[in-house]
Structures are given as structure tokens and as C-alpha cells.
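Novice: Below are the C-alpha cells for one structure; questions will follow.
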Amino acid sequence: KALRAVRASGGTAVSELLMRWAGRDQVRRAAVSSPAARELVARYVAGEHLDDLVPVLHSLVDKGLLVSVEYLGRPVTTLGDAEANQTGYLELVVRLTAEGLAKGAEISVRLGLLGQELGMHGEEFALQAARRITRMANNAGALVTLDMSGSESVDLTLDTWVQLNQDLPSIGATVQAALHRTERDLANLAMPGGRIRLCKGAFREPRTVAFRNRHEVDLAFVRGLRILMKSQAVPLVATHDPRLIAIAEELVRRSGRAPDSYEFQMLYGVRPLELRRLVDIGHVARSYVPYGPGWYEYYLRGFVERPDNLALFMRSLLGKR
Ligand code: FAD
């Protein structure tokens, strides 16, 4: 009954209630020790430790894909937490280098995990930590792209990007088509060689700042794509939506872009065959692979967009497939 209610509510009140349930310590413990729940999560998350991540990356690279790694750190309430997450990112770079996986890899950095939301000291720490991670990644031949969180963090994230971009021009930024401001932001961000990731946006935002209707978001995505494809920036097309992928392919064809001047990016475990198809026809495609101690919270966040996944998760905890 609860699962039917979640579907009918389209991911609103009931699913929020169930998310709170899934976020409880007891449920977390049950999920961590349930083989069925872990198997389900493993479709989308490479695991908790570097040892879990490395074989996943090797298997993707062997298939001709590039990889982007999202380190899922612990939630941040103190500068100590942010420091621990910085260590997580740096250890990631060291391990990628040791495994021969660093060259061409991308590391997706979430400034919130580095303390960006902890006030002035946190902002400064996040800026310096992102600089350290990016320098170390660049020395190893890897790239860094900043992820984007909710609309209230966009100014700060783009300011940080501008500051880092002055001495580390390969650093990428993410923009969300759903936000009204994004077209304006793109006009400033789409600089020659700048890596700009365009996604729809994963956060539930107020109507005052964002399009809420799917069709409007799709149209905004296409407008963003056009700006990027016309510019000399490197568009990172981050979507699984077949129609938007087809439009991006057509815009690439019309612009006559070389294959190394744009990328398709998709989340690990979502439409993997489509990502392979893109590689097979000559595009550069990258799988975005999350791993780390915050895997459970990441999986929970995904329920906001996809209540069906919550239903599957509950079934797995109840021992039903
Ligand atoms: P949708 O219309 O949502 O999905 C199209 C189809 O793809 C669906 O019908 C479904 O079949 C499949 N699908 C999509 N997502 C999933 C899923 N999670 N599980 C199962 N099936 C799925 N958002 C941010 O706000 N900030 C970021 O920094 C950010 N970085 C991203 C980086 C990458 C590489 C990607 C691919 C996405 C990122 N996102 C980010 C998420 C993005 O904003 C969307 O929420 C997400 O990609 C779903 O939108 P879509 O374009 O695939 O279209």
C-alpha cells in the first residue's frame, strides 16, 4: 500500500516520510548488513572503499570509457569533517595514480564536502582544499570538475570556480538547466577550453528560481546546449535522456566539433549500453562513478528524484526482489 502511495504522490509527502524512515540509524544498519540491499546499491555506487572502486574503474576503462569519480564523503558539520573529506579526495588521487588510472580521469569535487557551507572559514578552507586537490590531480594527469548543489550555493561555487580557474584553467564547473539563471551564467562561463558540465539539476527548487515542469527544463537544457556548442568551451553533456542526447549529437554534427572537444557523461549504472553506443560511434563518453563512506546518504538522495528506487530498496530490505 505504502509503495503504491509513493508512486501516486509522485515523490512528495509520502516519499518524504519514507525517506525519513530510510534515513534512520536502524534502517541504515539493516541496509548495510542486507546482501540484497547492498546488491541493489552496487548497481549505482562502486562501494565504500578504494579497493571496491578500483576494479569498477578498470572494467569501465577496458570498455573504452573515460571515468569521473565522485567521492562520497561524510556529512560536514565541522572543519575537521571537511579536512577528513579533503584527505579522502587526496587519497583517491594517489590511488588512481598508483593504479595507472589517473591520466584522463576526472574527479568530481563537491565543495560542500570541503566545508563550503560552514561560513567564512569554511568557504576559505573549501577554496584552498579544492586548489590542493586540483593541483595534485593535474600533476597526475587528471581533471577536476566542481559538482553543483542547491541553488543557494551557486554563487559561491561559481566564485570559487572563477578563482581556481585563474591558475588552473582545466577545472570544470557544473550548471543546472532547471535554474532560471543558468543561461546568463553560461554566457560568462563558456570560455575557450573551459569544461562546462550541463545537467538538468537534481534538487527540488522553488518556482521563483527554477523551472519545475519537465518540458520547460528540457527546453532550457537545449538552450544551454546551443550556447555551449556554439562557444569554444568543452561541453560535458550530462544526461541519460534519449531526446536530449539525440539533439546534442545533432548539434555536434552541425558545429563540426572534433571528438575531443565535448563529452557525454552518465551516472554509473544508468543506461550503460547507451554510453557504450556513444563510444562505438566515435564520441568521447564518461561514466560518473560514486564511491565512499557516504554511499548510503547518496543512495537516499536519489530517492527524491526516483521514488521507484525507494520501493525497490524497501522490497530488498524485506527480502523481496
Ligand atoms: P531524466 O529525464 O531524469 O532521465 C532520463 C532517463 O534516464 C530516465 O527515464 C531513466 O530511465 C534514466 N535515469 C536517469 N537518472 C536515473 C537514476 N538516478 N536511476 C535510474 N535511472 C535513471 N545534478 C546536480 O544537481 N548537480 C550536479 O553536480 C550533477 N552532476 C551530474 C553529473 C553527471 C555526469 C550526471 C549524468 C548527472 C549529474 N546530475 C547533477 C544529475 C542531473 O541533474 C539529473 O538529476 C539526472 O542526470 C537525471 O536527469 P536526466 O537528464 O538523465 O533526465
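The values are calculated or read from the model by the stated rules, or taken from the named source; none is laboratory data. What you see is a predicted model, and the numbers here were worked out from it, not measured in a lab. Positions of Cβ are generated from backbone atoms using ideal geometry, with glycine treated the same way; all protein chains shown enter the neighbour counts. Protein only, heavy atoms only, side chains kept; ligands, DNA and RNA dropped before computing areas. Shrake-Rupley method; radii C 1.70, N 1.55, O 1.52, S 1.80 Å.
Novice: Kindly indicate whether any position in the stretch 113-120 is in a helix (DSSP H, G or I), touching a helix residue (DSSP H, G or I) at 6+ places or on another chain (Cβ under 7 Å), more than 16 Å from the ligand (Cβ to nearest atom) and open to solvent by 40 Å² or more (accessible area, probe 1.4 Å).
Specialist: Checked the stretch 113-120: no residue is in a helix (DSSP H, G or I), touching a helix residue (DSSP H, G or I) at 6+ places or on another chain (Cβ under 7 Å), more than 16 Å from the ligand (Cβ to nearest atom) and open to solvent by 40 Å² or more (accessible area, probe 1.4 Å).
Novice: If the Cβ limit is 7 Å and pairs must be 6+ apart or interchain, which residue in the stretch 244-266 that is closer than 11 Å to V234 by Cα and in contact (Cβ under 8 Å) with a residue 40 or more places away in the chain pairs with which residue that is in a strand (DSSP E or B) and within 13 Å of the ligand (Cβ to nearest atom)?
Specialist: Going by the 7 Å Cβ cut-off, the qualifying pairs are E263/L236; E263/V237; E263/A285; E263/R286.
Novice: Another one. If you scan the stretch 218-233, which residues turn out to be touching a Ser or Thr at 6+ places or on another chain (Cβ under 8 Å) and within 14 Å of the ligand (Cβ to nearest atom)?
Specialist: Those that are touching a Ser or Thr at 6+ places or on another chain (Cβ under 8 Å) and within 14 Å of the ligand (Cβ to nearest atom): A220, F221, G224.
Novice: Further question: Considering the stretch 171-204 alone, what residues qualify as being away from the ligand (no atom under 12 Å from the Cβ), at pLDDT 95 or above and part of a loop (DSSP other than H, G, I, E, B)?
Specialist: I171, H180, R181
Novice: If you take the residues of the stretch 26-48 that are free of Cβ contacts under 8 Å to residues at least 40 places away in the same chain and under 25 Å from E91 (Cβ atoms), which of them is most open to solvent (accessible area, probe 1.4 Å)?
Specialist: R38
Novice: Further, regarding this structure: Have a look at R301, R286 and point out the one that is among the basic types (K, R), open to solvent by less than 20 Å² (accessible area, probe 1.4 Å) and under 19 Å from the mean Cα position of the chain (by Cα).
Specialist: R286
Novice: Tell me, which residue of the stretch 132-151 that is in contact with an Asp or Glu (Cβ under 8 Å, 6 or more places away or on another chain) and not in a loop (DSSP other than H, G, I, E, B) is surrounded by the fewest Cβ atoms within 10 Å (Cβ to Cβ)?
Specialist: My answer is S151.
Novice: Of the conditions (1) at pLDDT below 85; (2) under 25 Å from V109 (Cα atoms), W295 satisfies every one except a single condition; which number is it?
Specialist: Tallying (1) at pLDDT below 85; (2) under 25 Å from V109 (Cα atoms), W295 fails exactly one: (1).
Novice: For R207, which of the numbered conditions (1) among the basic types (K, R); (2) open to solvent by 30 Å² or more (accessible area, probe 1.4 Å); (3) within 12 Å of the ligand (Cβ to nearest atom) fails to hold?
Specialist: So R207 meets the others, but not (3).
Novice: Tell me, yes or no, whether the stretch 97-111 has at least one residue that is touching a residue at least 12 places away in the same chain (Cβ under 8 Å) and assigned to a helix (DSSP H, G or I).
Specialist: Within the stretch 97-111, one or more residues are touching a residue at least 12 places away in the same chain (Cβ under 8 Å) and assigned to a helix (DSSP H, G or I).
Novice: May I pose another question? Out of (1) open to solvent by 30 Å² or more (accessible area, probe 1.4 Å); (2) of a type in the set (S, T, N, Q); (3) closer than 27 Å to E205 by Cα, the odd one out for S255 is which?
Specialist: Every listed condition holds for S255 apart from (3).
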